[in-house]
Amino acid sequence: MNVGSNGIPARELPLSARAPGKCIVFGEHAVVHGAPELVFAIDLSTQVFVKKSETNRLNADSEGTRRNDYFRSALELAWKDHSPVDVRAISRIPKAAGLGSSAAFVASLAAVLSSASGGIDRPRLAQQSFEIERAAQGVGSPGDTSTAVAGGFVAINGGSGELLWSIRAPERQWDVRRVSDPGWVWVVAYSGIPRSTAEAVRAVGARLGAPGGPELLEEFRRVAKHGIDALGRGDRSSVAELLKKNQELLREVGVSHPRLEALLEAAAPASEGAKLTGAGAGGSVVALPVPGKEAELVRRLARAGGLPFVVRPVPDGASLVEG
Ligand code: PMV
């Protein structure tokens with residue numbers, strides 16, 4: 001297959017690939033319903049090592065395909081050969097924290113299996129990773145998987161940058177565009193509370209379908225659109241204000257949490273703006289530090305019981321680790 005200049009080339013097993021986690025700046029949840037979203041790939045990644053085996057195994061567990069829906073659907077959708085494989089996954093991304101651990105696992109595993117199936121170009125890898133995540137999770141948008149495949153900053157259904165690809169689902173299509181990185185440092189803090197993305201997505205879907213829901217969705221759309229434009233022109237103070245507005249909307253649709261609110265309050269004196277990131281109901285917050293107060297922000301978040309990290313956007317998406 002012609003995989004294009006930056007696709008995943010054909011190789012034989014054993015193989016390894018890596019893909020980054022992600023941080024959503026604007027638009028989570030609303031993106032599921034077609035509104036814009038802004039996401040960037042972070043410098044925490046998942047790496048998979050895949051070799052032939054007598055039975056399908058994930059991290060030495062021969063029940064892996066039964067226990068892990070993502071593993072099972074990746075084998076079903078990305079593996080032409082269907083012979084058994086042994087997969088080892090190593091990740092520095094906290095699980096169920098809103099930082100894209102499942103998308104990074106799916107994109108890195110799909111990259112390996114597609115490479116061993118003859119190679120794949122990036123738009124197809126993005127579509128395939130979305131379908132694997134959707135099959136495992138039942139609901140959701142392509143924001144996480146497309147970011148794990150593209151790297152850098154991406155806008156879903158927004159912005160005016162290069163169109164990387166369009167992702168199709170039976171109910172709608174999402175356009176994925178490149179946004180340039182303004183070069184800022186971001187701080188993320190995990191609340192320590194894991195949660196289910198699918199449950200949160202269903203609950204927000206019900207809220208947006210109830211009276212007043214369409215108006216709320218319109219507000220999400222407006223905030224994310226302005227946020228993408230503001231970040232694109234490096235307008236930090238507008239981005240910070242819009243982070244706060246986006247958090248108000250997320251609170252209103254019921255996916256904030258007392259622990260997230262406590263982290264946001266602790267962050268306020270050292271951040272220009274902050275919000276939850278990902279599905280919410282637990283998970284993580286993201287903050288734009290007051291320049292020069294990055295270390296203070298990290299201390300404040302740790303003191304408030306969070307697990308903080310300074311995150312740097314990384315330009316590279318899923319790729320084989322060769323050599
Ligand atoms: O919390 P995460 O990493 O699963 O992010 C989910 C983002 C949502 O918009 C809530 C769902 C989606 O698929 O876009």
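Being open to solvent by less than 20 Å² (accessible area, probe 1.4 Å) and at positive phi is a description that applies to Gly152. For the stretch 192-207, filtered to residues that are among the charged types (D, E, K, R) and open to solvent by 50 Å² or more (accessible area, probe 1.4 Å), the residue that is farthest from the ligand (Cβ to nearest atom) is Arg207.
Here the condition is being open to solvent by less than 50 Å² (accessible area, probe 1.4 Å), in a helix (DSSP H, G or I) and either at pLDDT below 95 or within 16 Å of the ligand (Cβ to nearest atom) (or both); of Val298, Val239, Val255, Val223, it holds for Val223 alone. Hey, could you check the stretch 1-42 for residues that are among the β-branched types (Val, Ile, Thr) and away from the ligand (no atom under 11 Å from the Cβ) and say which is farthest from Gly140 (Cα to Cα)? Within the stretch 1-42, the match that is farthest from Gly140 (Cα to Cα) is Val3.
Listed by position, the strands (runs of 3 or more DSSP E) contained in the stretch 1-92 that have at least 3 residues being among the β-branched types (Val, Ile, Thr) are 37-52, 85-91. Confirm whether Ala78 is among the hydrophobic types (A, V, I, L, M, F, W, C), open to solvent by less than 20 Å² (accessible area, probe 1.4 Å), in the same structural domain as Leu109 (by TED's automatic domain parsing) and in contact with a Cys (Cβ under 9 Å, 6 or more places away or on another chain). Taking the combined requirement at face value, the residue does not satisfy it.
For the stretch 301-321, taking the residues that are under 22 Å from the mean Cα position of the chain (by Cα), open to solvent by 60 Å² or more (accessible area, probe 1.4 Å) and not hydrophobic (A, V, I, L, M, F, W, C), the one that is modelled with the lowest pLDDT is identified as Arg312.
The values are calculated or read from the model by the stated rules, or taken from the named source; none is laboratory data. Nothing here was measured: the structure is a model prediction, and the numbers come from that model. Glycine also receives a Cβ, built like all others from the backbone with ideal geometry; neighbour counts cover every protein chain displayed. Note: accessible area is taken over every heavy atom of the protein model, side chains too, but ligands, DNA and RNA are not part of it. Shrake-Rupley method; radii C 1.70, N 1.55, O 1.52, S 1.80 Å.
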